[in-house]
Amino acid sequence: RPVALPHENLLLLPILHGRLECAALVRQAFETQQPDAVAVELPATLEAAVLQAVARLPLLSVVYYQDSRGQTVYWPLEPTDPLVEAIRLGAAGEVPVYFIDRDMENYPRVREAFPDPYALTKVGLAAYAEAYRVTAAGLEPLPPDLLREQAMAYHLQKLSRQYRRLLAVFGLTHYPGLLRQLSQPQAQPLAKIRRAGVQVAHLAEDSSREILTEI
């Protein structure tokens, strides 16, 4: 069973955020596919802070900043998160890591139901992702998701001209839309390229028991 889904010279790895089974898939993809570079669903505005936080592992960190409304945005780095594992493995193996998402504010909180991620170990990623794509067929993406998928597709198309085997790790919800956007040339997105005041904080042990996805 394929660990990543081939698309031209891209290796697509749609994942569920925070789930150990998906982090294991990322590790398998590195071992079996040996990518030349890896792209992750995170904005470049957070790159320096995220790389610093990943370098602190196994100590747990939170990346945080204030948005334009003065509200604090937090992103805890979980060791079981596939994006974190992709960055960690890239740094350990000296594989270039690229942050390809669009920096968005006021992103809507939408909770979607997915099958138990343990099913990935039984049916494989291809069947799991295809089942989601079929289920989501006909649904119009939210405007923020469309902008993000166009931005990710632009960066993937640009990087694919530079690397022979590019591993892309991104959320499963973006899989159908990203496939659509990759099928056509994308223009460089107009988006925030810098964000001031991005900080890294240590996550207290008591807090980790409350907020981490996995036990």
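Find the residue count for segment 53-95, including only residues that are part of a helix (DSSP H, G or I), touching a strand residue (DSSP E or B) at 6+ places or on another chain (Cβ under 8 Å) and of a type in the set (Gly, Ala, Ser). So that I can check it myself, show each step before the final result.
Within segment 53-95, the subset part of a helix (DSSP H, G or I) is 53-55, 82-92.
In the following step, the residues that additionally are touching a strand residue (DSSP E or B) at 6+ places or on another chain (Cβ under 8 Å) were identified as 53-54, 82-84, 86-87, 89-91.
This time we only want the ones that are of a type in the set (Gly, Ala, Ser), so: 53, 86, 90-91.
Going through segment 53-95 one residue at a time, the tally reaches 4.
Checking the stated criteria, Tyr154 turns out to be aromatic (Phe, Trp, Tyr), in contact with a Pro (Cβ under 7 Å, 6 or more places away or on another chain) and farther than 25 Å from Pro117 by Cβ.
For segment 58-69, the set of residues classified as open to solvent by less than 40 Å² (accessible area, probe 1.4 Å), under 20 Å from Arg209 (Cβ atoms) and not aliphatic (A, V, I, L, M) consists of Ser61 only.
Among the candidates Tyr107, Tyr132, the residue that is among the hydroxyl-bearing types (Ser, Thr, Tyr), modelled with pLDDT under 90, touching a helix residue (DSSP H, G or I) at 6+ places or on another chain (Cβ under 8 Å) and under 22 Å from Val3 (Cα atoms) is uniquely Tyr132.
Taken residue by residue, segment 75-91 has no member that is at pLDDT below 95 and either open to solvent by 70 Å² or more (accessible area, probe 1.4 Å) or on the phi > 0 side of the Ramachandran plot (or both).
The set of residues in segment 8-22 being open to solvent by 10 Å² or more (accessible area, probe 1.4 Å) and either modelled with pLDDT under 95 or over 20 Å from His174 (Cα atoms) (or both) consists of Glu8, Asn9, Leu16, His17, Arg19, Leu20, Glu21. Within the option set Thr173, Thr135, being over 25 Å from Asn106 (Cα atoms) and among the polar types (S, T, N, Q) holds for one residue only, Thr135. Among the residues of segment 26-46, the ones that are touching a strand residue (DSSP E or B) at 6+ places or on another chain (Cβ under 7 Å), open to solvent by 20 Å² or more (accessible area, probe 1.4 Å) and either of a type in the set (S, T, N, Q) or more than 22 Å from Tyr154 (Cβ to Cβ) (or both) come to 1 in all.
Filtered by the rule that a residue be within 27 Å of Ile215 (Cα to Cα), of a type outside the set (S, T, N, Q) and either part of a helix (DSSP H, G or I) or over 14 Å from the mean Cα position of the chain (by Cα) (or both), segment 11-41 gives Leu20, Glu21, Cys22, Ala23, Ala24, Leu25, Val26, Arg27, Ala29, Phe30, Glu31.
In the set Ala49, Ala55, Ala113, which member is at pLDDT 95 or above, exposed (fewer than 14 other Cβ atoms within 10 Å of the Cβ), of a type in the set (A, V, I, L, M, F, W, C) and over 18 Å from Val169 (Cβ atoms)? Reasoning before the result, please.
Working: Ala49 fails: exposed (fewer than 14 other Cβ atoms within 10 Å of the Cβ); Ala113 fails: at pLDDT 95 or above.
Ala55 is the lone residue from the list that is at pLDDT 95 or above, exposed (fewer than 14 other Cβ atoms within 10 Å of the Cβ), of a type in the set (A, V, I, L, M, F, W, C) and over 18 Å from Val169 (Cβ atoms).
Do you know which of the residues in segment 105-125 that are assigned to a loop (DSSP other than H, G, I, E, B) and touching a Leu at 6+ places or on another chain (Cβ under 7 Å) is nearest to Ala44 (Cα to Cα)?
In the first step, residues of segment 105-125 are kept if they are assigned to a loop (DSSP other than H, G, I, E, B); the result is 105-116, 124.
Filter again for touching a Leu at 6+ places or on another chain (Cβ under 7 Å), leaving 108, 114.
Numbers: Pro108: 20, Phe114: 28 Å.
Ranking the candidates gives Pro108 first.
Name every residue in segment 140-153 that is within 15 Å of Val40 (Cβ to Cβ) and not acidic (Asp, Glu), in order of residue number.
Arg148, Ala151, Met152, Ala153, listed by residue number.
Check every one of the helices (runs of 4 or more DSSP H) wholly within segment 126-215 and list those with 1 or more residues that are surrounded by 15 or more Cβ atoms within 10 Å (Cβ to Cβ).
143-160, 175-182
The values are calculated or read from the model by the stated rules, or taken from the named source; none is laboratory data. On a predicted model such as this, the values are computed, not experimentally measured, just so you know. Cβ coordinates were reconstructed from backbone atoms using ideal geometry, including for glycine residues, and neighbour counts include every protein chain displayed. Just so you know, the surface numbers come from the protein's heavy atoms only, side chains and all, with ligands and any DNA or RNA stripped out. Shrake-Rupley method; radii C 1.70, N 1.55, O 1.52, S 1.80 Å.
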